[in-house]
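The values are calculated or read from the model by the stated rules, or taken from the named source; none is laboratory data. Everything quoted here is computed from the prediction, not taken from an experiment. All Cβ positions, glycine included, derive from the backbone under ideal geometry; neighbour counts span all protein chains shown.
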Amino acid sequence: MNAQRPIRIMRIIARLNVGGPAIHVTLLAAHLRPPEFESTLVCGQIGPHEGDMAYLAEAHGVTPLVVAELGRELSPLRDAVTLLKLWRLMRRLRPDVVHTHTAKAGFVGRWAAWLARVPVRVHTFHGHVLHGYFGPRKTALFRWLERLTARLTDRLITISPALRDELAQTYRIAPAEKFAVVPLGLDLEPYSSVPRHTGAFRAEWDIPPDAPLVGIVGRLVPIKNHALFLEAARRVREQVPGARFAIVGDGELRAALEAQAAAPDLAGAVTFTGFLRDLRPVYSDLDLLVISSDNEGTPVSIIEALAAGVPVVSTAVGGVPDLLEGGRYGALVPPGDAKALAEAMIAALSAPHADRQDARRAIAAAYSIERLAADLGALYRALLAEKRGRSAR
């Protein structure tokens, strides 16, 4: 590689749907720019029931290259076309680093990079699909594919130590020494500076200003287990009758969840907002944020909520215990336990004036986009130097 030109990075993700990975890749493409780096973001198309975060890329001056065949589901024909298109793109743009994100893009992207002889191949696990997403046969196939593709990869990145340990020890995707832990990085200043309880979100959605308000932010898909959240909400209402609940997000399960929320003991207490671009008014007015998932990587909503000074209760899954420092920054409960989740929610609502400044400062320092860009820039330089050293021998 010519040291006088920028390091060329091609970042590939299946789609820019609402969620942490889309924010992650967009911010990295915006921050890893000349003179030292040159970034290209490649993505597929959004599914019919998904929210589109292309607006975020546009706001940061990032114009993704769209490969229409690149999507979430396995499809041998579409995947072969995607592989060919990515290979051609890599041969034309000659990246020094291909960095893939999410399972599908990670598979086709790394194979294309290997075939195109890209010097450095990196993949980030923001979570994984090796448990809780599919049936036994499809899950076994994904595990085999991840192990095989890991052999083509120079470094596997996880966003938490727990996720690294799970992938290396439980699922044996690759030896532990092939992994690096690089926590998420976000633009948190808009959340850390938002005033508490402005009332704008409550006024817009007709939620009483004095009602205890509990929210959940995320896609309405099975792995997020919003049904558990609603069952816990029903139990909370038995102890805190005036409590209200906001479900922020959209997805395939919305109709079923709205039917569950229409039951007599929850009727009128649950607000469904759909996707919202600006979450600052939401976090400002929440008294509590909840995660009820069966599996997670590092939820962006927790980071944003803590930066905004919102208490958090979550199931102890994936990277959440690491993010919450084992319970220091928020309550952790077993997954699938509505009673424990409800009890933790009631306890958090009973202490609304607890000092959260330590958590706000710690999160802002640990999860900034500047830190993430610096970490990955150093990793890319080290891996390229290692490859050049091998070539010179």
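Criterion first (over 20 Å from the mean Cα position of the chain (by Cα), in contact (Cβ under 8 Å) with a residue 60 or more places away in the chain, outside any loop (DSSP other than H, G, I, E, B) and surrounded by fewer than 24 Cβ atoms within 10 Å (Cβ to Cβ)) does Leu89 satisfy it? Against the criterion (over 20 Å from the mean Cα position of the chain (by Cα), in contact (Cβ under 8 Å) with a residue 60 or more places away in the chain, outside any loop (DSSP other than H, G, I, E, B) and surrounded by fewer than 24 Cβ atoms within 10 Å (Cβ to Cβ)), Leu89 qualifies. Quick check, is Ala168 touching a residue at least 12 places away in the same chain (Cβ under 8 Å) and surrounded by fewer than 21 Cβ atoms within 10 Å (Cβ to Cβ)? Judged against the criteria, Ala168 is not a match.
For segment 322-357, the set of residues classified as acidic (Asp, Glu) and either touching a residue at least 12 places away in the same chain (Cβ under 8 Å) or touching a helix residue (DSSP H, G or I) at 6+ places or on another chain (Cβ under 9 Å) (or both) consists of Asp322, Glu325, Asp337, Glu343, listed by residue number.
Rundown of residues vs (1) of a type in the set (Gly, Ala, Ser); (2) within 24 Å of Asp187 (Cβ to Cβ); (3) outside the structural domain of Ser193 (by TED's automatic domain parsing); (4) crowded, with 17+ Cβ neighbours inside 10 Å, yes/no style:
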{"position": "Pro264", "(1), (2), (3), (4)": "no, no, no, no"}
{"position": "Val282", "(1), (2), (3), (4)": "no, yes, no, yes"}
{"position": "Leu286", "(1), (2), (3), (4)": "no, yes, no, yes"}
{"position": "Val313", "(1), (2), (3), (4)": "no, no, no, yes"}
{"position": "Gly319", "(1), (2), (3), (4)": "yes, yes, no, yes"}
{"position": "Gly327", "(1), (2), (3), (4)": "yes, no, no, no"}
{"position": "Ala338", "(1), (2), (3), (4)": "yes, no, no, yes"}
{"position": "Leu372", "(1), (2), (3), (4)": "no, yes, yes, yes"}
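Of the helices (runs of 4 or more DSSP H) lying entirely inside segment 272-379, those carrying at least 1 residues that are closer than 30 Å to Leu32 by Cβ and modelled with pLDDT under 95 are 300-307, 320-323, 357-366.
Among the residues in segment 41-52, are any in contact with a Lys or Arg (Cβ under 9 Å, 6 or more places away or on another chain), closer than 24 Å to Ala374 by Cα and part of a helix (DSSP H, G or I)? No, segment 41-52 has no match at all.
Just to be sure I understand the filter: pairs with C-beta atoms under 7 Å, separated by 6 or more residues or on different chains, first member in segment 58-85 and surrounded by 14 or more Cβ atoms within 10 Å (Cβ to Cβ) and modelled with pLDDT under 90, second member assigned to a loop (DSSP other than H, G, I, E, B) and of a type in the set (S, T, N, Q). Which pairs pass? That search, which allows pairs on different chains as well, returns Gly71/Gln45. With respect to Glu258, is the statement that it is surrounded by fewer than 19 Cβ atoms within 10 Å (Cβ to Cβ), among the charged types (D, E, K, R), in contact with a strand residue (DSSP E or B) (Cβ under 9 Å, 6 or more places away or on another chain) and not assigned by TED's automatic domain parsing to the domain that holds Gly20 true? Yes. Checking each residue in segment 203-240 for being crowded, with 23+ Cβ neighbours inside 10 Å, over 24 Å from Tyr133 (Cα atoms) and either charged (D, E, K, R) or in contact with a Lys or Arg (Cβ under 7 Å, 6 or more places away or on another chain) (or both) picks out only Leu213.
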